[in-house]
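J.: First the structure, then my questions, so here it is.
The values are calculated or read from the model by the stated rules, or taken from the named source; none is laboratory data. Treat the numbers as computed from the prediction; the structure is a model and nothing was measured. Neighbour counts run over all protein chains shown; Cβ positions are idealised from the backbone, glycine included. Only protein heavy atoms, including side chains, enter the accessible area calculation; ligands, DNA and RNA are left aside. Shrake-Rupley method; radii C 1.70, N 1.55, O 1.52, S 1.80 Å.
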Amino acid sequence: MGERVEEKSGIDLLTKDRQYVWHPFTPLVGSEDNLLVSSAKGAKLHLEDGRVIIDAIASWWVNLHGHANPHIARAIARQAQSLEHVMFAGFTHEPAIQLAGNLLSVLPDNQDKVFFSDNGSTSVEVALKMALQFWHNRRQSRNRIIALDGGYHGDTFGAMAVGERGPFTKPFWPYLFEVEYIGLPSEKEPEELIAEFEGLVEKGDVAAFIFEPIIQGAAGMRQYSSAWLDNLISSARANDVICIADEVMTGFGRTGRFFASDFLRNKPDIFCLSKGITGGSLPLGATSCTRDIQQAYHHQDLHKTFFHGHSYTANPLACAAANASFDLLISPECQRDIDRVSASFANFKKTVQAHDRVQSVTHMGAILAIEFKSNQQTSYINEARHELYPFFLSKGVLLRPLGNIVYIIPPYVISDEELSLVYNAIQDYLDSSQQV
Ligand SMILES: *Cc1c(COP(=O)(O)O)cnc(C)c1O
């Protein structure tokens, strides 16, 4: 039984936190107390105990324009005073219509309609269901899905099924549908993999191919060749396989272009968007698709309807936040910030990759990932992060390594001084006697 939590001191609150709240990706025993955040501004988190932490990973890759961004805050406040929410079947509203228009104005020309949901995982569920029902509506039996090795698409069942079968999803393996996985060019000859892929799609029973374009986030910011992906998409195309780009992490300027798919010649049929969509302020997912995909749903027969929706589909507050974030994103200032961060990363890469404890460095736009040399295999469960995470926090920097890979995905507004503090923390670690 709980009791109402009145205003309490930090210590009291943390006791209640332990008692009442179950946190994501966090063991129920053996983990430290969570850090109590009282406010945040720009790239800085202000803790209740007075400490200030630089958010070098944009709070799980969502924040673009800084915390408590005034333009986004005003848009949310204004929207809350006129329409906070309304069901989205049979009703519509300006913030959603505007946002769909905004998204389609920057997505590739083949994108034609937007379906809203609540987060990255649901944007992927929607994409998978949209692709599978496309074939069902067409009365064609295509029920296999191809995904890339090491992918991460979220934590709901469909999203887990198309992701890497790792320790995080092990309890659910018996319930996950079968997926064909294709290795990345770093693991095998690219030509061999393309041939393998062609062999699969030529069988005629593949419904869709899903991928994180060009850089896989949770796999450790693993970059791969856009030309190779272009080849796979073109072979999928030739065999009518629906291509789904999961741009949940890569979207909204993160890779230096608006979408990672902007580096591709062949445009995907479906896009999954979330994370940066609201600038990191409110949860929202969006799945866009081509006109061709909708055609299979354009039918008098009610059974061909896409019967999918969420209570908070296209929440007006989230849409208003996304439109405000979009204003900022297309401003020249934001582009300058992205270029500035990217140039700073290019410089730091040169310095750090020479260090004898560094295995490799990946840099793409406002993403920098440093792989430390380690005796253990690279994985989420790699012990390294248990040492690295508190080390960086003690230096006032939030970096949450994926195993022995430390990555920086900052809000674009992070200042040069703040970036220096982040770099210094990493240098301190490399120069310390601690071993991963
Ligand atoms: C984070 C992520 C997701 C899942 O998004 P949630 O909002 O956490 O459900 C899906 N795909 C990719 C590529 C991601 O990085």
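J.: Which one, Lys373, Lys188, Lys129, has the greatest fluctuation when you compute a Gaussian network model over the chain with C-alpha springs under 10 angstrom?
T.: Result: Lys188 has the largest fluctuation of those listed.
J.: Also, quick follow-up: Restricting to region 72-329, compute how many DSSP beta bridges are antiparallel as a %, nearest 5.
T.: Roughly 45 percent of the DSSP beta bridges within region 72-329 come out antiparallel.
J.: Mean 1/r over all different Cα pairs, inverted: what Kirkwood radius does region 1-64 give, in Å?
T.: Taking the inverse mean of 1/r over all distinct Cα pairs, region 1-64 comes out at 13.5 Å.
J.: For a quick size check, give me the Cα extents of region 72-329 along its three principal axes, largest first, whole Å.
T.: Principal-axis extents of region 72-329 (Cα, largest first): 57, 43, 39 Å.
J.: Connecting C-alpha atoms closer than 10 Å in a GNM of the chain, tell me which of Leu398, Leu193, Leu35 has the biggest fluctuation.
T.: Its mean-square fluctuation being the largest, the pick is Leu35.
J.: Protein chains only, probe 1.4 Å: how do Glu94, Glu387 rank by accessible area, largest first?
T.: Ranked list, largest accessible area first: Glu94, Glu387.
J.: With every protein chain in place, what's the accessible area of Arg237 (1.4 Å probe, Å², nearest 10)?
T.: Solvent-accessible area, nearest 10 Å²: 90 Å².
J.: Which entries of Lys8/Lys395; Lys8/Lys275; Lys188/Lys350; Lys129/Lys267; Lys113/Lys304 have Cα-Cα distances beyond 22 Å here?
T.: In this structure, Lys8/Lys395; Lys8/Lys275; Lys188/Lys350 lie more than 22 Å apart at Cα.
J.: Here is a follow-up. Which of these, Phe348, Phe307, Phe271, has the largest mean-square fluctuation under a Gaussian network model of the chain (Cα springs below 10 Å)?
T.: Comparing Phe348, Phe307, Phe271 in a Gaussian network model of the chain, the most mobile one is Phe307.
J.: Using the Kirkwood radius over Cα pairs, work out the Stokes-Einstein diffusion coefficient for the chain at 4 °C and 1.567 mPa s, in µm²/s as a whole number.
T.: Result for D is 57 µm²/s.
J.: How many angstrom separate the Cα center of region 1-59 from the Cα center of region 130-206?
T.: 37
J.: In whole percent, and with a 1.4 Å probe on the protein chains, what portion of the accessible area of region 115-215 is carbon and sulfur?
T.: Here it works out to 53 percent.
J.: Hey, another quick one. Using 0.36 nm times the number of residues separating Lys188 and Asn424, minus their current alpha carbon distance, what extension gain do you get?
T.: 81.3 nm
J.: Whole number in Å², please: accessible area per residue of the chain, 1.4 Å probe, ligands, DNA and RNA not counted.
T.: About 47 Å² of surface per residue is accessible.
J.: Ok, one more. Over all directions, how big on average is the projection of the convex hull of the alpha-carbon atoms in region 6-118, in square nanometres?
T.: Mean projected area of the Cα convex hull: 11.0 nm².
J.: Over the chain, what is the percentage of antiparallel beta bridges among all DSSP beta bridges, to the nearest 5?
T.: DSSP beta bridges in the chain are roughly 65 percent antiparallel.
J.: Right, next: Can you work out the FRET efficiency for the pair Asp109 and Asp155, with r the C-beta to C-beta distance and R0 = 51 Å, to the nearest 0.05?
T.: 0.95
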